[in-house]
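Single-structure report; data block below.
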Ligand code: DGY
């Protein structure tokens with residue numbers, strides 16, 4: 001059995017493949033593999049470990065019908081045409097659960113970084129602009145006792161809400177398609193409509209999947225409904241907010257700040273106006289980027305590939 005891996009991953013999955021006498025080849029170049037190269041690389045393979053934003057769309061799936069299983073190096077699967085994979089009977093697995101804490105940490109980090117203008121002020125030191133101590137300019141705001149609004153209360157949202165409640169006594173409200181009663185009980189979280197979420201959140205953090213319903217959801221009209229002191233955090237997918245509208249909302253002071261681990265497109269261009277704004281912190285999609293979490297993701301990937309190649313149900317299927 002042969003597996004193609006479209007990037008570098010933690011060694012756990014590789015070890016598991018070796019132990020099961022499964023051979024693999026890996027994309028070793030620094031640049032992302034192109035769609036054509038991916039199809040070519042998957043010829044003669046039984047499975048794919050898909051690392052990064054490879055589009056597992058109908059064109060790819062039909063060109064690679066021979067694949068038995070595709071293991072994603074992500075929990076998100078918006079890059080996959082699930083209906084087509086189902087039709088072609090190609091199993092698709094992802095990495096749920098193991099990256100919730102690390103991704104929630106990233107949202108928490110961004111919340112604090114934005115509230116204290118940390119990235120902007122750090123850049124000032126680098127640029128030799130650390131002047132005399134002055135009590136008033138460039139002040140941050142505090143989050144203690146404020147309201148956290150979670151858009152998409154799943155595993156990651158729950159982790160963030162726990163941290164914010166424990167560290168800062170933040171009140172938690174959320175909006176989902178359907179109510180999350182476990183979160184309500186565990187966190188004393190209150191379910192609100194989307195409009196109420198916008199109107200009441202001091203920190204609004206996005207943790208939903210990118211779907212046709214959430215794509216481009218945060219537009220200027222939505223930012224207008226938020227509090228002028230609100231911090232917008234997105235660690236989910238860049239496609240959920242409209243970037244031009246976010247820039248406008250920040251310039252017009254419709255909201256106070258923004259923290260992004262995801263952008264649209266990725267990578268973000270280095271001259272993007274968001275990068276020079278005081279109340280903005282941007283990270284390069286590092287939500288799950290810790291040694292512990294990447295090792296755990298790799299273990300799940302190994303399990304998905306081995307089960308799929310044995311013709312068994314995947315332990316972590318997306319469908
Ligand atoms: C995920 O697992 O979905 C992360 O965002 C990495 O893509």
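Laid out as a table, the results:
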| quantity | calculated |
| --- | --- |
| Relative contact order (%) - the range 29-92, alpha-carbon pairs under 8 angstrom, separation at least six | 34 percent |
| Antiparallel content of DSSP bridges confined to the chain, in %, to 5 | 5 percent |
| Computed helical MRE - 222 nm, the chain, DSSP H runs ≥ 4 contributing -39500 (n - 2.57), nearest 500 | -10500 deg cm²/dmol |
| For the range 232-284 and the range 94-144, distance of Cα centres in Å | 14 Å |
| Relative contact order of the chain, defined on C-alpha pairs under 8 angstrom at six or more residues apart (%) | 21 percent |
| The range 1-21 and the range 24-68: distance between their alpha carbon centers, rounded to Å | 15 Å |
| Cα-based helix-to-principal-axis angle, 155-168 vs the chain, degrees rounded to 10 | 30 degrees |
| Rough spin-label spacing in nm, given labels placed 7 Å along Cα→Cβ, for residue 162 and residue 181 | 2.1 nm |
| Value of relative contact order over the range 100-282, rounded to a whole percent, pairs C-alpha under 8 Å and six or more apart | 24 percent |
| Rounded tilt (10° steps) of 100-115 against the dominant C-alpha axis of the chain | 30 degrees |
| FRET efficiency estimate (nearest 0.05) - Cβ-Cβ, residue 291 to residue 209, R0 35 angstrom | 0.85 |
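Where a number appears in this text, it was derived from the coordinates with a stated rule and is not lab data. Source: prediction; values computed, not measured. Note that we place each Cβ from the backbone using ideal geometry, even for glycine, and neighbour counts take in every protein chain shown.
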